[in-house]
1. Which of the following residues is at pLDDT 90 or above and under 26 Å from Gly199 (Cα atoms): Pro460, Pro446?
2. I'd like to know if region 241-263 contains one or more residues that are in contact (Cβ under 8 Å) with a residue 24 or more places away in the chain, of a type outside the set (D, E, K, R) and under 15 Å from Ser690 (Cβ atoms).
3. Testing Leu492 on (1) under 17 Å from Val570 (Cα atoms); (2) among the hydrophobic types (A, V, I, L, M, F, W, C); (3) open to solvent by less than 10 Å² (accessible area, probe 1.4 Å), one condition comes back false. Which one is that?
4. Tell me whether region 79-88 contains one or more residues that are hydrophobic (A, V, I, L, M, F, W, C), open to solvent by less than 20 Å² (accessible area, probe 1.4 Å) and more than 19 Å from Arg182 (Cα to Cα).
5. Is one or more of the residues making up region 692-704 surrounded by 24 or more Cβ atoms within 10 Å (Cβ to Cβ), more than 30 Å from Pro333 (Cα to Cα) and at pLDDT 85 or above?
6. Scan region 217-235 and give yes if some residue there is at pLDDT 85 or above and either of a type in the set (A, V, I, L, M) or outside any helix (DSSP H, G or I) (or both), otherwise no.
7. Residue under question is Leu178, and the condition is that it be open to solvent by less than 20 Å² (accessible area, probe 1.4 Å), in contact (Cβ under 8 Å) with a residue 12 or more places away in the chain and not in a helix (DSSP H, G or I); does it hold?
8. With region 1-71 as the region, which helices (runs of 4 or more DSSP H) entirely inside it contain at least 3 residues that are touching a strand residue (DSSP E or B) at 6+ places or on another chain (Cβ under 7 Å) and either surrounded by 14 or more Cβ atoms within 10 Å (Cβ to Cβ) or at pLDDT 95 or above (or both)?
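The values are calculated or read from the model by the stated rules, or taken from the named source; none is laboratory data. What you see is a predicted model, and the numbers here were worked out from it, not measured in a lab. Here the Cβ is made from the backbone with ideal geometry for all residues, glycine too, and neighbour counts use every protein chain on show. Ligands, DNA and RNA are stripped out before the accessible areas are found, and what is left, the full protein with its side chains, is counted by its heavy atoms. Shrake-Rupley method; radii C 1.70, N 1.55, O 1.52, S 1.80 Å.
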Amino acid sequence: ERAVDVVLRLRWPFLALVVLLTALSAVFAQRIGVDNSVEVWFVDGDPALTGYHEFQQAFGNDEVVAIAVHDDGGVFSAAAMARIRAVGEAAAAVDGVARVTSLATVDDIRGELDADGFPILSVGNLVGDNPDWDATRARALADPLVAGRLVSNDGKTALVVVQMATMEGFDAQRDRVLAGLRAAVAPLLGEDFRHAGIGVIYAALNQLSTVDSVVFVVASYLLIIGVLWVLMGRVLPMAVSMVTVGIGAGWLLGAYGFAGRDINMVTMILPTLVLVIGVSDCVHVMNHVAELSPSWTGTRAELVKKAAGFVFMPCLFNTVTTGVGFASLATAPMAVLRDLGVYAAVGLSVAFLLSFILCPLALLSPRFEPSLSNHGKLQRFVDGCAALALSRPLPVLAVTAILALVSMLGISRIVVDTYSLDYFREGHRVRQDSAWIEAQVGPYTPLEFVVRGPGRVDDPAILVAIDQWERAMEQDPLVAWASSAADVAKRLNRELSADGAEVVPSEPAALTQAFLLYQSSPEVDLSSQVEGDWRSARVTVGIPMLSAAEMGQLIDRLLARAKMPVGVTVTPTGYLPLYVHMMDYIVQSQLSSFGLAFVLIFGLIAALFRSLRLAALAVPANLTPILLTLGVMGFSGIRLDVATVTIGAIVLGLVVDDTVQFLYRFQHELSARGDVHEAARVTVSGVGRSLVITAIGLSLGFSVLGLAAVKSVAWFGLLVALALGTGVFGDLLVLPAMLALLPRGLVRSKDGG
């Protein structure tokens, strides 16, 4: 009450401070960008991430964009090839593009002996200037490094493969480069413009994150306005509540921008979290004023101080427990989850402070007091829950136990996995283009390996082993092709040897001579295939877009087929192994964040109420909605991925808020009445209405996330809404039922009674 009194007495300085901080927040919020790059999902210094950067420095950026050029009459014609060439030249001119490969640029190696019997090697273009199209088509479709990779087996679709440049801060420039590609190429292809690649996925996620973040804020704001208007019965208290949480969301964005953070597909929900969760403090303050008002005989300021002062501590503790639920994500190894946890805790703390500044000041006028006259049906529902729980506690708890057991069966079916394309809905263009290109031409996604030896890797024994490994990998149903410097060595031997055999030269001298002849051509650049002075060699495998779990299984299978000489190592690298590594982070994040949140939250409850028994009683009521939600995930086949991994800790932090309100009121009533049953009944009757109102508001607010274009975020919102909707029954039914089974002496109040 003293804290509220300070706010009321110093109202103008407080209001001036709110205005100043709101203006500053608006300035810093404009600095926020969008970033869904791979780095945000990893910890700085992570060995897998470090290896990825080393690979890029050695061989260049492995991120490619596959652009399709289709011609029903076939691409082996002058007109179609001119189109392919034009697309490639337009793409190559874009700043940020390192290399373009297509039928119009692919090398064609030819060798012959001069008059003196010395080998002459010429490296030209597969198509040439005046090609025989039938012969060119036959030669291309017979080449395993061209067919199914740069051209479809029916010869009707060609790919222009664009390799991005390695540059400082490429993730921040990816959208610019891809926008340049679209602007340069799309006019040449018109409605037939189709492109795919990991970078295309990132860019689309960035766009969806931007759009979704705006949609969430607007939709949740409008929805909460409607809910509060109906439940409060008046416009003014609703307006004050929405202004309060709106300013809180603005302060959060200001702090986020000040820290130099960018939003992504996970952190884009932060403003919505503040809007949805923060409004509950306003509801408690205003409802308690309205509850005390009819019988109050003192001044208006004293009423506000009394009512706001009474709910201050439970609301503060709610903020702390919810903040702990979010802040527990700070233990997650994924940077994106740490940001979500830390800044959500900051935003909720800000919303709490604003609720106890702006709401008490508004309530000095009776016009801002909500009307509770329209809550008759709601009150009867709450009282009915209390009567059922207290009169039939065993059936209530038995039903709860059955639901928990069934949920555990569902939990056992949860799959930990993440799949980038599945973030998009079925009809999204990115998903359609990827599927179309894979169906027409074949898998375009590169899986990278690096082969290192104790010395140089241009040893015939090593290149032979690489070649044999490539052929073995191509036997896997998910592998479309494999290529490396070993394939170049085979082509060179075919053109330079007397027998024309397409094998790796067995003699080191012959192999060295072949590569010297090859690299003497100005068109040749082996830097994307071998590192420096043959310290290592790159092996690239073409595979379809897969989920992280499928990718991990495939990598294990392919590594098992590698039979290398002693001392030679094979290391999976590039982007895709990072993608697989995310699964380990997802599991670790779920376990560490939920475990920490559980210990801290129930430890705080025990400390607040000075009772381990009350903390123990709170566990079933709060674990039940979490079990039900995870059970629904398992039965529905919803993956535990980078978006849904936060559900356990976040839901625990949210549902425990109502429990704190309940127990705080219960101890007060128990001290006054001395009877557990009566104290529980009066508690449910007194706070039940506010608990239901906040549960409805929170559930509907989170359900707004179901509008997300990113499927995982939509599932996250709907699942949290489900948890909050079921969570209120834990406090209205499960907790009173447990109290009803306890003797008077097993529940202690603060005064020792």
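1. Pro446
2. Yes; the residues of region 241-263 include at least one that is in contact (Cβ under 8 Å) with a residue 24 or more places away in the chain, of a type outside the set (D, E, K, R) and under 15 Å from Ser690 (Cβ atoms).
3. Tallying (1) under 17 Å from Val570 (Cα atoms); (2) among the hydrophobic types (A, V, I, L, M, F, W, C); (3) open to solvent by less than 10 Å² (accessible area, probe 1.4 Å), Leu492 fails exactly one: (1).
4. Yes: region 79-88 contains one or more residues that are hydrophobic (A, V, I, L, M, F, W, C), open to solvent by less than 20 Å² (accessible area, probe 1.4 Å) and more than 19 Å from Arg182 (Cα to Cα).
5. no
6. yes
7. Here the answer is no, as Leu178 does not meet what is asked.
8. Those helices (runs of 4 or more DSSP H) span 47-59.
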